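Worksheet: one structure, shown below.
Derivation of every value follows stated rules applied to the coordinates shown; laboratory data play no part. All values reported here derive from a predicted model rather than from experimental measurement. Neighbour counts are summed over all protein chains in view; Cβ atoms, including those assigned to glycine, are modelled from backbone coordinates with ideal geometry.
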Amino acid sequence: METFDSTKRSLIEILKDVHSGKIQLPDFQRGWIWDDNRIKGIIASVAKSFPIGAIMLLETGNENVRFKTKPVEGVKLNDDLKPDLLILDGQQRITSLYQTIITNEIVSTRNEKNYEIKRWYYIDMTKATDESYDLEEAIISINEKKQITEDFGRRIVLDLSKKEFEFKNLMYPVSMIDDYSAWRREFYEYWQYDREKCMFWDKFEDRIINSFNKYMLPVIIMKKENPKEAVCQVFEKVNTGGVS
């Protein structure tokens, strides 16, 4: 009897399954704790098509292996939906990408001093399309007001509080990656279909948007036929090596 399958799945499809509740967490999974820099790092890794590691999922449906379940943090489910798969390894990676790409809501995270902060995530389109920059430099996070300030908040350096400010400053919201065509349409309208800006967008879409939409994530699926002891042993092993 095969106890697991190894495959690859579209990252965006996995995040949509998280959103719908098809993929959830065992209730005993602890909360996610990734900080702002790690979130920016994983966004950059996907944008660069770099590997971010496999995730491990467990098939549900075995009457002898029943866990209480909960949705990934940030998911809003209307009813008590039973999932098809549970995340055993990869919770932090999936949660970080789900919250930044799918929810279109501000993300609760922590800074270098471990203080809780709330952040919106953007891609500097100019840096992202300039190969002299590392893509990590193109990923930025900004506060609740969507502003970067200096001089103790007295001087606004970057203001993205309105959509037209995003277009003007060529700053792309990570939360629009899955709905990029709507943002692109308004971007074209803002720049009055300027040829150079249209070509600029094409370069950005080809280099960045396509990287996310084509990203394939290695997935290990534990079959539901596995006994509870095997599932618990696997979970214990993958979660004693640090935050996943």
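Picking from Arg119, Arg185, Arg38, which is most flexible by a Gaussian network model of the chain using Cα springs under 10 Å? Answer for the Gaussian network model of the chain: Arg185. Available extension along the chain between Arg185 and Lys113 is 21.9 nm, counting 0.36 nm per residue and deducting the alpha carbon span.
Each Cα pair of the stretch 4-238 feeds into the Kirkwood radius, which the Stokes-Einstein equation turns, at 20 °C and 1.002 mPa s, into a diffusion coefficient of 112 µm²/s. Compared with the direct C-alpha span, the chain from Ser49 to Lys22 gains 7.2 nm at full extension, assuming 0.36 nm per residue.
How far apart, in nanometres, would the label points at Val157 and Glu13 be if each is projected 7 angstrom from Cα along the Cα-to-Cβ direction? A separation of 4.2 nm, rounded to one decimal place.
Here the 3J(HN,Hα) profile of the stretch 82-95, calculated from phi with Karplus coefficients 6.51, -1.76 and 1.60 at θ = phi - 60°, is 7, x, 8, 9, 10, 7, 9, 9, x, 4, 5, 5, 5, 4 Hz, Gly and Pro shown as x. Using θ = phi - 60° in the Karplus curve 6.51 cos²θ - 1.76 cosθ + 1.60, the 3J(HN,Hα) couplings for the stretch 201-207 round to 4, 4, 5, 5, 4, 5, 7 Hz; x is entered for Gly and Pro.
The calculated FRET efficiency for the pair Glu196 and Asn104, based on their C-beta separation and a Förster distance of 30 Å, comes to about 0.55.
For a Förster distance of 35 Å, can you work out the FRET efficiency between the beta-carbons of Thr3 and Ile33, rounded to the nearest 0.05? The computed FRET efficiency comes out at 0.70. Applying 0.36 nm per residue to the separation of Glu136 and Arg207 and subtracting their alpha-carbon distance, the gain on full extension is 24.2 nm. Placing R0 at 30 angstrom, the Cβ-Cβ distance between Asn169 and Asp79 gives a FRET efficiency of 0.15 after rounding to 0.05. Scalar couplings 3J(HN,Hα) for the stretch 54-71, obtained by applying the Karplus form with A = 6.51, B = -1.76, C = 1.60 to θ = phi - 60°, are 6, 10, 10, 10, 10, 5, 8, x, 8, 4, 8, 10, 10, 10, 5, 10, 8, x Hz; x denotes Gly and Pro.
Rounded to the nearest 20, the Cβ-based charge dipole of the chain about its Cα centre (Lys and Arg +1, Asp and Glu -1) stands at 300 debye. Just to be sure I follow the definition: excluding the sites themselves, where is the longest run in the chain that has none of the chymotrypsin sites (Phe, Trp or Tyr not before Pro) in a DSSP loop with at most 12 other Cβ atoms within 10 Å? Longest site-free region, per DSSP loop and neighbour criteria: 29-114.
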